[in-house]
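No value in this document is a laboratory result; all are computed from the given coordinates. Please read these numbers as outputs of a predicted model, since none were measured by experiment. For neighbour counting, all protein chains shown are included, and Cβ atoms are generated from backbone atoms with ideal geometry for every residue, glycine included.
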Amino acid sequence: MHRLTGLLKDHPVRLSKTAIHLWQLPLLQATAENLFLWPLLSVDEQERAKRFVRRQDQEKFVRARGFVRLLLGHYLSLPPAEVVFEYGLRGKPQLAVATRATGLQFNLSHCQDLAIVAIAPRYSLGVDLEQLNPQVSYLDISGRFFASAEDEFLRRLPE
């Protein structure tokens, strides 16, 4: 049994109408957990995992997808292996039409050895996890990634 299964069983999680839940997962863990998670993945996910050249990348993928399935299965009251995904143009997973009627939304991001999952009812959301580079100034990139009003606000802040 995955320790998250026990945690969710012992401490049921309820999502209120205005809540956003964030879940954090270290991706470098014992391979034994991946043996539990592997059968939860769809055939497509298993095939994708097998295509990773580096074993460490494969294990991170299995952990992230298995973790998402455990969480969504809990919120949807479904066995994790029965959670069905569809994929957008960029390969981003979303709940399949049949379960999308629940209104549950999620987003997954991972960077290095950490993943984060955001879950909300009826709200489209995104979460992004990035490794900080202290040599990059936020002002050097703010014009590229923020609206002009946000960029101007940042430039007016004291150093």
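Structure data summary
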{"quantity": "Amide proton proximity set for Leu78, modelled H, under 5 Å, gap of 5+", "calculated": "none"}
{"quantity": "Placed amide H near Leu27: partners under 5 Å, 5+ positions off or other chain", "calculated": "Leu114, Ala115"}
{"quantity": "Given charges at beta-carbon only (K, R positive; D, E negative), |dipole| of the chain in Debye", "calculated": "420 debye"}
{"quantity": "Trypsin sites (Lys or Arg not before Pro), loop per DSSP, at most 13 other Cβ atoms within 10 Å - longest free stretch of the chain", "calculated": "123-159"}
{"quantity": "Under-5 Å amide H pairs with Tyr123, H placed in peptide plane, nonlocal only", "calculated": "Gln105"}
{"quantity": "Residue-by-residue Karplus 3J(HN,Hα) for segment 100-109, coefficients 6.51, -1.76, 1.60, Hz, glycine and proline x", "calculated": "5, 4, 5, x, 5, 10, 8, 8, 10, 9"}
{"quantity": "Phi-based couplings in Hz for segment 133-139 (Karplus 6.51, -1.76, 1.60; Gly and Pro marked x)", "calculated": "10, x, 8, 9, 7, 4, 6"}
{"quantity": "Hz values of 3J(HN,Hα) by residue in segment 144-159 - Karplus curve (6.51, -1.76, 1.60), Gly and Pro given as x", "calculated": "7, 10, 10, 4, 4, 5, 5, 4, 5, 4, 4, 5, 7, 5, x, 4"}
{"quantity": "Estimated inter-spin distance, His21 and Ser42, nm [label 7 Å along Cα→Cβ]", "calculated": "2.2 nm"}
{"quantity": "Pairwise label distance in nanometres, Leu129 with Leu89, each label 7 Å out on the Cα-Cβ vector", "calculated": "2.7 nm"}
{"quantity": "Selection of GluC sites (Glu not before Pro), segment 41-148, meeting DSSP coil and at most 12 other Cβ within 10 Å", "calculated": "Glu130"}
{"quantity": "Given charges at beta-carbon only (K, R positive; D, E negative), |dipole| of segment 38-114 in Debye", "calculated": "220 debye"}
{"quantity": "Percent RCO, i.e. relative contact order, over the chain, from Cα pairs under 8 Å lying at least 6 residues apart", "calculated": "22 percent"}
{"quantity": "Ile20, Ile141, Ile119 arranged by Cβ crowding within 10 Å, fewest neighbours leading", "calculated": "Ile141, Ile20, Ile119"}
{"quantity": "Footprinting exposure proxy for Phe36, Phe61 (fewest neighbouring C-beta atoms within 10 Å first)", "calculated": "Phe36, Phe61"}
